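The values are calculated or read from the model by the stated rules, or taken from the named source; none is laboratory data. Remember, it's a predicted structure, so these values are computed and weren't measured experimentally. Cβ atoms come from the backbone with ideal geometry, glycine included; neighbour counts cover every protein chain shown. All accessible areas refer to the heavy atoms of the entire protein, side chains included, with ligands and DNA or RNA removed. Shrake-Rupley method; radii C 1.70, N 1.55, O 1.52, S 1.80 Å.
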Amino acid sequence: MAGLAASLGSGAMTNDIAGIKEADVIMIIGSDTTAAHPVIAARIKQAVREGKTKIIVIDPKQIDIAKFSEIYVAQRPGTDVAVINCLMQVIIKNGWEAKDYIKERLEGFEELKAEVLKPKYSPENIEKISGIPAASLIQIAEMFAKAETAAVFYAMGITQHTTGTDNVWSVANLQMLCGNLGKPGGGVNPLRGQSNVQGACDMGGLPNVYPGYQKVGDPAVQEKFEKAWGKKLSPKVGITITEMIDGAYDGKVKAIYVMGENPYLSDPDQNHVITALEKTEFLVVQDMFITETAEFADVILPAAAYAEKEGHFTNTERRVQRLQQAVNPPLDVKTDWEIIQLIANAMGSDWNYQSVADITSEINLLTPQYGGITWDRVGRLGLQWPCPTETHPGTPYLHKDRFARGLGLLKGIEFKEPNELPDEEFPFILTTGRVLQQFHTGTMSRKTQGLNNLAGPMIMISAADADKLGIENSEKVRLSTRRGEIEAPAFVTRRISQGVIYVPFHYKEAPANRLTNPAIDPVAKIPEYKVCAAKLEKIS
Amino acid sequence: MKIMINGKSYQASPSETVLQVALRNGIYIPHLCYHQRTGPAAKCRACVVQVEGMNGLQTSCNLSVRDNMKVITDSPAVKAAQKMVVDLALSTGKHDCLACEQNGDCELQDAAYYLGIEHPSYQVEIPDYPLDDSSEFIYVERDKCISCGRCVVGCNQNVVNEVINFAYRGFETKIVFDQDLPMGTSSCVQCGECVQLCPVGALIDKRARGKGRPWNLEKIETVCPYCGVGCKLELHVDTLKNEIIRIKGVEDSPTNEGMLCVKGRYGFDFVHSPERLTKPMIKENGQLREAEWDEAINLVASRFNEIIEKHGSDSVAGLASAKVTNEENFVFQKFMRREVGTNNVDHCARL
Amino acid sequence: MKFYRNVVLIGIDDDSLQSGAREIETLLKREIARHNLSDEINVVEAGALGFFGTGVTLMIHPGQITYINVTKEDIPEIVEEHLLKGRTVSRLIMDSVYSRGYDFNYKHRIVLENSGLINPDLIDEYLGTGGYEALEKALLNMSREEIIEEVKKSGLRGRGGAGFPTGLKWSFTAPLDAKQKYFVINADEGEPGTFKDRLIMEGDPHKLLEGLIISSYAVGASKGYIYIRGEYKLCIERLQRAIDQAREYGILGKKIFGSDFDFDVEIKVGAGAYVCGEETALIESMEGKRGQPRSKPPFPGVVGAWQKPTVVNNVETIANIPGIISQGADWFRGFGTSDCPGTKAYTIMGDVSTPGLCEVDMGTSLRTIIDNYGGGMKNNRKFKAALVGGAAGVFLSDKLLDVKMDYNNLHEYSAVLGSGAILVMNDDVDILEMLWSVIRFFRHESCGKCGPCANGNEILYKLINNLRKGEGKKTDLDQMLQISEAMFNTSFCALGQSLLLPVKSAVTNFKEDFLKRIN
C-alpha cells in the first residue's frame, strides 16, 4: 500500500464493488480473483456476461477468470514494472493518454515519460523480458487506453515482490495516465486478502502510523494522541513484522505479543522464523487455537471467534460493516479487546471500556476517516470511509475531484529484476498463492474436513516440465530452494508457463514459506513471495 | 402511480411488477420461480392473476404495473388455476414434507398451504433420480426439483460459474452439472448459490440435514471472516445448543448480493472445533499447561513490565491482526503505544 | 425459347425420392434419347405434383395425363406408347386408379401456382412465369408504407395457424428506428400431418424468396433468415440454390434492382423440435440456445433475434406476398371469404382416396376438400371424424362437414384452421387411440420450460394410458378436461395450451369411444 499512498495520498481500493459493472475494461494483474476473492470475481464475470465489460488478464498462471478474458497473457513472474512501462510507452507514443486529465490533475508527467520512453521498454524488448508477445502488449495498451473507463484489479501478485512498491506505483501511473482515477468503475483496486486487513491498517496496526494513517513522528499527531490518551508517546517509527522476526533472531526484540496471527506459516523463510521464535524471551499468543506459532508461546490466551463477538470489519472497498454476536464463546474464552484491557490494567493502567461501542466512539474521535461511522450509523449494510462527519454519506470511490495529496504524482519507475533468479542449481521460478477452498495459514479453513477433501497440498508444474522430468500427475515430488524443501503431490497442468512452479501456502505439512525468499521491498517491507529460484525433483 | 389489487388501491412505482407490489403489501400470490435475485422467469405459472381489460390470465411476476391497473388475485377462477398449477407440481415429484430439510422454509409448501392442497390429486411415476451426494457440501435430490430454474440463473448469471443448466426435454427436463456429471465430479466449486436460491428441498446443505427446523433457528447477520471482500453472512443458529447450523448470504448486501464462496458458506467448523482453546495456557519446563485467567494475565503483565524495565519499550513488539475487529485492533495498537510505549506494532497485511 | 411436343413433369419431393424418382428420371431420359425424341420431349423436374403416397408421379402435357406409382419397368412402355405413339397407358393413370377424377384447381392457386409446373432449380423458369416482377415493382415503385398498406388491404392473415393479420404484424416493426432488423421465415413446419410449406419450398422456392425480400423491404429488415427443419433436406438444397441464383442475378445483395435496398438471406437449420415453431422459441434456437419460448412482451417485432426487431412469418403467408404486390389487394380479395380472403393450402391425410396437398379458396367446406381433392373416402368407408388443424386441432364430427372453413367461421364452432392439416378417419377408427397419440406427441414435444405443460402432459398421458388399458374411471375424463383447461389458462406458450382443443373435442364429440372402455 505504500506505493499507492505515495502516489495518490491514500492506500486503499479507490473504487467500490458495485462500480465494477461501470467499467468498460478491467485489467486483472497478479490476482487469482476466482480463488482468492470469489465474490468479486463473480461481479466481474457478471459485468463481462452482461456485455459491457471486457477483461484483460495478465498472470503467470492461466487462472480461471482468464476464461472470461478478451486477452490473456502470461508474464514471467517479477516483470510487472517492465510490462506496465511498456504499456505506457505504447500509449504515449500513440497519443492515447488522457491529455487534459494529465494537465489538470497530475504532476510528474515529464519524468514518467523520460523513463517509459526508453528503448528498453519497447514491446519487442519487453517480449524478451516478460515473455508476452509484442503484438499482445500493443493490443492490451490500445484496448486499455481507449476504454472510456478502465479499472485495474490486483492482489498479492503485484505487492509481494522486492519491487512491490514499484509495481503498485506503476499500476497507479498507468491509471493516472489514462485518467481512470476519480470516476465510477475505474480506479486502482488492490484486493485485500483478509477479512479485516483494511481495518487493521486503518486502525494503526502499522509501525509508522496511528489510526487513520496519521504519521508517527508528526508532532501535531503525537500531541493529539498524547492529549487523548493522557500519556507520553514514542516519536520513533516502529519495526515491521519481518524486522520483528529478525530482531528476535538477533536478540534485540525480547518480547512479542501476537494477536490472531501465525507468522510460523505466513512469514518467509520458515527455518529462520522458527529460530527467531525459539529465541524470543517472552512470547504471548492470543488465538482461537494452538497455532503453529503458539507452540512456541510462553503464554497462550484463548480468544473468541468472529461469530462470538461484536464490532466491525472494514472490507476491501473501505466499507465498515457490523459483526453481530451469533453464538456464545466457550466458557473461559474472552474477546480480544477484553483480554487486552485485562493486561493493560494488570500492568497498572486505567482502562475502562464497558463495551465495544465505547471503543467505537474513541475511534470516531481519533480517526478522521471514521469520524461519522458511529455505532448507531453503521446499519445493516455499512458505510464506506472516508466518512468524516455524522452527516456524511460515505465515499464509494476516492479522488473524485482531487487526489488526497492534491495533484496525483506520476513517477518514472525503473524495472528491476527480482532478488533471486533461477540458475543452474535452482532452475525454476517458484511463486506462491492461494486456492479457493483454503484460507491463509489454514487456522480456520482447515478445521472443515470437506474443504480439506477438496483441496490439499500440491505443487503445480507445467505439463512440459513434467514430461521433461518424467513426473506424473499426483505423484509426490520434492521442491527445494536455498532455504529448505517440501514434498507434495504434483499437479500437472497446461495452465502454467514452463519453468514456473506454483505452491499454495496454506499447508503446514508442505509449507510454501519454508521455501520463500525473505528479501523484502525496501519501502513496504513485503517479502518476495512471488519469485524465488527453486529445484524440482522426482522422489523415487 | 396506483394500482388496484382485489379492490384496494396501492402505491406502485413503474419499475415494479404486479407480484412485487402485491408481496410488498402482504398480498400473497403463489410463486415458485420468482426470486428477487434471479428475476421473473414466468416458468412456474403459479402466480397467474386476472387483469381487467386483458384476455386470459397473466403471470404477475413479469407483468409490469400500469397506472390504474385492476388486478384480481383471489377470485375462484384465478385460485382454481393457481391451485391446478401447484397441484400438478406436487403430483409430479416426491414432495414428502415430514423429513424434508426445507419444511417450514419451502415455497411450494407455502403455495400449497395458501391454496389448501392437502394431498396432490394425481400421482405419476417419476423418473428414478438417485440422490446425488457426490459433492462435499450439497445434496441434490432431483425428485424434489420443480424445474423453477433459479439455480440455473444463479449459477450462470449471479456467480457466473456456468456449471448448472437444464438438460433433456419436457417432463424429463432436469438440472445437470456440466454434461450431466455428478455434482462432485463436475466443475462446480460449491459456492452454494444454488442451495440458497432453491425454493424447495432439491438442493440442500448436506451437513445441516436433520440439525434443526428453520423455525427453531435464529438468524443473525454478521461479516465473513475469510477474505477481504467482506461478504455479509446470515448465520442460522440453534441458540439452545449454541451452534451455527448453516450460513446464507445476505441478499441485499451491496458487497455480495447474497453470494458467498465455499469457505464463507461451509467453512465455519472452526468455530465449534474441539481443538478450540478454552483455557489460558502457560508454558512450564517446555510444556504447556492450563491456567486460570488471573494467573495468565498477571504473568503476561509482569513479564512485559520487567522486560520494558530492563530492555526498554522498543524491545517489545506486537502483532495486531487482519482477522479481528477494528475495535480490537484499535485497542491493541493503543496498548502497544500507550502502555508498552513503542510503535513496534504491525500485522500481516503484506503476507 | 424452344418448343417441345410434350413436356413430362416428374415430381421430385422427399416422398418420390424415396420411391426412386432419380433413377426413374435417368431411365426416362435415356429411353427418350434411345427413341431420338430428345428434341421433341422435355423432361422437367418439378416439385410435388399434389399427391401423397403415390410413389413416383409423372404428368405429361398437353393433356395433363398423370401417371402414379410409376416404376422402372413402366418407363419403356410410357415412352413407347404415350410419347412415341400418343396412346396413354391407362393402367397407370390416376383417374383409373381412383374412382373420381382429381381436381388440380390451378385457376385458384396462389402459393402453389407454379408448383409441379416449373423446374424449381432454375431461376429462369420462375422468371418466365413473371417471377420477381412483384419485387421490382415494390422496390422501384412503392414505398414501404404502401406495401404494408396493400398487405393490410388484402386481408392476408398468418398461415402458420394463429391467423394474425400480416400487415398489422408488420406495422409494429416497420416504424421502429433500429439499426438492424430481421425478417425470419418460419419453415419449421412441425405440426403432424402438415407438409404444405415443404411442398411450397420444394416446388417454388423463388416465390418464397421473392416474398421474403419484399416483406423485408417493407419492414426495413436488411437480413433475412429461413429457419427450416433439418429433415427438409430437399427444401434446404433447393432454397440454397435459389438463394445462390438470386445473388448471381443481383436479386440479393447490395442495391437490389438499383434501389437503395441491401438484403441477404441465410438458412438456419433447426433440429426438429415442435416448440421451435413458436416464434420466440424459434428465435432462441436460431441464436444457438435451447429452443424454448421467451416471455412476451416484449414481442419479437420489437425485441427479437439478438435483441433486434424481428418479424417472423410462416412460409405460406409470405408466398402470398408476390401475388398481392403484383396483382393488388383486390385481386387477392377475389379469393376466399370476405373475412378471410385468399386461399389455403391443405394437406389431406388418412382414410381418403388421394391423400396429398391442395390449395383452395378460404371458406371451402371440409366435404368439398375430401371429395374433390382427397378423392373421397377410401374404399367408400363411412366418414367418422376429421382432425383439422394438426395435433393441436379439433376432432370434428360429420355434423361439421359442410361448414365453410376459414379462421372466423371455424372459431364459431370452437375449432381452428391451424396449419391446414386434415386427418380424415373412417368408422373403424377409435378416437381414444387417436387422442392417445396426440397426447403422446405433446408429452414428447413439451419443452419443459413451464410447469403446467411439462407436468400436465405427463398426467394426461398417464390418465389416457389408464383409460386405454381399461383401468380408467369416469372421473378421469373430467380430470383430463380440467387439466387441459388449466394448461390452456396457465401455460407459457401455445404448446401447453394446445391440448385443450383435441381433448375437449374428442371427449365431447366422441364420448362413446371413451365410455366403452370404462367399466
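If the condition is being open to solvent by 30 Å² or more (accessible area, probe 1.4 Å), more than 13 Å from every other protein chain (Cβ to nearest Cβ) and over 22 Å from B:T185 (Cβ atoms), then segment A:443-468 contributes A:A464, A:D467, A:K468.
Being open to solvent by 10 Å² or more (accessible area, probe 1.4 Å) and in contact with a strand residue (DSSP E or B) (Cβ under 8 Å, 6 or more places away or on another chain): is that true of C:D351 here? I'd like the intermediate steps shown before the answer.
Working: open to solvent by 10 Å² or more (accessible area, probe 1.4 Å): yes; in contact with a strand residue (DSSP E or B) (Cβ under 8 Å, 6 or more places away or on another chain): yes.
Yes; evaluated as a whole, the condition is true for this residue.
Being modelled with pLDDT of 95 or more and either assigned to a strand (DSSP E or B) or over 24 Å from the mean Cα position of the chain (by Cα) (or both) is a description that applies to A:V327. Against the conditions (1) surrounded by fewer than 24 Cβ atoms within 10 Å (Cβ to Cβ); (2) at pLDDT 90 or above, where does C:A345 fall short? Just the number, please. Among (1) surrounded by fewer than 24 Cβ atoms within 10 Å (Cβ to Cβ); (2) at pLDDT 90 or above, C:A345 violates only (1).
Would you check if C:D427 is open to solvent by 50 Å² or more (accessible area, probe 1.4 Å) and within 14 Å of chain B (Cβ to nearest Cβ)? Give the steps one after another, and end with the answer.
Working: open to solvent by 50 Å² or more (accessible area, probe 1.4 Å): yes; within 14 Å of chain B (Cβ to nearest Cβ): no.
So C:D427 does not fit the description; no.
Report yes if some residue within segment A:190-213 is assigned to a loop (DSSP other than H, G, I, E, B), at pLDDT below 95, more than 10 Å from every other protein chain (Cβ to nearest Cβ) and farther than 27 Å from A:S170 by Cβ; otherwise report no. No, segment A:190-213 contains no residue that is assigned to a loop (DSSP other than H, G, I, E, B), at pLDDT below 95, more than 10 Å from every other protein chain (Cβ to nearest Cβ) and farther than 27 Å from A:S170 by Cβ. Could you list all residues from segment C:273-283 that are in contact with a helix residue (DSSP H, G or I) (Cβ under 8 Å, 6 or more places away or on another chain) and either open to solvent by 40 Å² or more (accessible area, probe 1.4 Å) or assigned to a helix (DSSP H, G or I) (or both)? Matches in segment C:273-283: C:Y274, C:V275, C:C276, C:A281, C:L282, C:I283. Restricting attention to segment A:20-44, the residues that are assigned to a helix (DSSP H, G or I), open to solvent by 10 Å² or more (accessible area, probe 1.4 Å) and more than 22 Å from A:H161 (Cα to Cα) add up to 4.
Which one of these is under 27 Å from the mean Cα position of the chain (by Cα) and open to solvent by 10 Å² or more (accessible area, probe 1.4 Å): B:L23, B:L19, B:L57? Before the answer, list the steps.
Details: B:L19 fails: open to solvent by 10 Å² or more (accessible area, probe 1.4 Å); B:L57 fails: under 27 Å from the mean Cα position of the chain (by Cα).
Result of the check over B:L23, B:L19, B:L57: B:L23.
Listed by position, the helices (runs of 4 or more DSSP H) contained in segment C:94-207 that have at least 1 residues being open to solvent by less than 20 Å² (accessible area, probe 1.4 Å), in contact (Cβ under 8 Å) with a residue 24 or more places away in the chain and farther than 20 Å from C:R333 by Cα are C:94-97, C:123-128, C:133-141, C:166-173, C:196-203.
Which count do you get for residues in segment B:245-272 that are open to solvent by 30 Å² or more (accessible area, probe 1.4 Å) and over 15 Å from A:H37 (Cβ atoms)?
Quick first cut of segment B:245-272, residues open to solvent by 30 Å² or more (accessible area, probe 1.4 Å) only: B:248, B:251-252, B:254, B:257, B:269, B:272.
Pick out the ones that are also over 15 Å from A:H37 (Cβ atoms) and you get B:248, B:251-252, B:254, B:269, B:272.
Of the residues in that region, 6 qualify.
If you filter segment B:190-237 down to residues that are surrounded by fewer than 20 Cβ atoms within 10 Å (Cβ to Cβ), touching a residue at least 60 places away in the same chain (Cβ under 8 Å) and at the interface with chain A (Cβ under 9 Å from one of its Cβ atoms), you find that the one that is nearest to B:H272 (Cα to Cα) is B:R207. Of all the numbered requirements in (1) in contact with a Pro (Cβ under 6 Å, 6 or more places away or on another chain); (2) modelled with pLDDT under 95; (3) among the acidic types (D, E), C:E210 misses one, and that requirement is (2).
Filtering segment B:160-218 to residues that are within 19 Å of B:F137 (Cα to Cα) and of a type in the set (K, R) leaves B:K206, B:R207, B:R209, B:K211, B:R213.
So which residues in segment B:163-189 are among the acidic types (D, E) and either out of contact with any helix residue (DSSP H, G or I) (no Cβ under 9 Å at 6 or more places or on another chain) or within 14 Å of chain C (Cβ to nearest Cβ) (or both), if there are any at all? Break it down stepwise before answering.
Taking segment B:163-189 first, the residues among the acidic types (D, E) are B:172, B:178, B:180.
Scanning segment B:163-189 gives B:E172, B:D180.
Residues that are over 20 Å from A:I92 (Cβ atoms), open to solvent by 20 Å² or more (accessible area, probe 1.4 Å) and polar (S, T, N, Q) do not occur anywhere in segment A:130-149.
Matching residues to (1) open to solvent by 10 Å² or more (accessible area, probe 1.4 Å); (2) assigned to a loop (DSSP other than H, G, I, E, B); (3) of a type in the set (G, A, S):
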position: A:A307; (1), (2), (3): no, no, yes
position: A:N345; (1), (2), (3): yes, no, no
position: A:D358; (1), (2), (3): yes, no, no
position: A:E362; (1), (2), (3): yes, no, no
position: A:T391; (1), (2), (3): yes, yes, no
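Selection over segment B:64-76 of residues that are surrounded by 13 or more Cβ atoms within 10 Å (Cβ to Cβ) and either more than 34 Å from the chain's Cα centre (by Cα) or basic (K, R) (or both) gives a count of 3.
Among the residues of segment C:211-258 satisfying the criterion of being outside any helix (DSSP H, G or I) and free of Cβ contacts under 8 Å to residues at least 12 places away in the same chain, which is most open to solvent (accessible area, probe 1.4 Å)?
Of segment C:211-258, the ones outside any helix (DSSP H, G or I) are C:220-232, C:249-255.
In the following step, the residues that additionally are free of Cβ contacts under 8 Å to residues at least 12 places away in the same chain were identified as C:250, C:253-255.
Working: C:G250: 31, C:G253: 20, C:K254: 159, C:K255: 127 Å².
Filtering first and then ranking leaves C:K254.
Can you name the residue in segment B:239-283 that is free of Cβ contacts under 8 Å to residues at least 40 places away in the same chain and part of a helix (DSSP H, G or I) and, of all such residues, is farthest from the other protein chains (Cβ to nearest Cβ)?
Initial filter on segment B:239-283 (free of Cβ contacts under 8 Å to residues at least 40 places away in the same chain): B:239-245, B:247, B:250, B:252-256, B:263, B:268-283.
This time we only want the ones that are part of a helix (DSSP H, G or I), so: B:263, B:269-272.
Numbers: B:K263: 6, B:D269: 4, B:F270: 4, B:V271: 5, B:H272: 8 Å.
The extreme case among them is B:H272.
Condition (residue is at the interface with chain B (Cβ under 7 Å from one of its Cβ atoms) and of a type outside the set (V, I, T)) applied to segment A:268-279: is it met by at least one residue? Scanning segment A:268-279, I find no residue that is at the interface with chain B (Cβ under 7 Å from one of its Cβ atoms) and of a type outside the set (V, I, T), so the answer is no. Scanning segment A:75-108 for residues that are small (G, A, S) and surrounded by fewer than 20 Cβ atoms within 10 Å (Cβ to Cβ), we see that the one that is farthest from the chain's Cα centre (by Cα) is A:G95.
A Cβ distance below 7 Å, combined with a sequence gap of six or more or placement on separate chains, defines the contacts here; from segment B:299-314, residues that are at the interface with chain A (Cβ under 7 Å from one of its Cβ atoms) reach residues that are in a helix (DSSP H, G or I) in the pairs B:V300/A:I343; B:A301/A:I343; B:A301/A:A346; B:F304/B:V340; B:I307/B:S315; B:S313/B:V340.
In segment A:150-169, the residues that are outside any helix (DSSP H, G or I) form Cβ pairs under 7 Å with partners that are among the β-branched types (V, I, T) and open to solvent by 20 Å² or more (accessible area, probe 1.4 Å), at six or more places apart or across chains, as follows: A:T162/A:I520.
Restricting to segment C:480-501, count the residues that are hydrophobic (A, V, I, L, M, F, W, C) and outside any helix (DSSP H, G or I). Talk me through it step by step, then tell me what you get.
Here is the first cut: in segment C:480-501, the residues hydrophobic (A, V, I, L, M, F, W, C) are C:480-481, C:483, C:486-488, C:492-495, C:499-501.
Narrowing the set further to residues that are outside any helix (DSSP H, G or I) leaves C:492-493, C:499.
Total satisfying the criteria: 3.
Of all the residues in segment A:183-217, those that are over 30 Å from A:Y306 (Cβ atoms), in contact with a strand residue (DSSP E or B) (Cβ under 9 Å, 6 or more places away or on another chain) and open to solvent by 10 Å² or more (accessible area, probe 1.4 Å) number 1.
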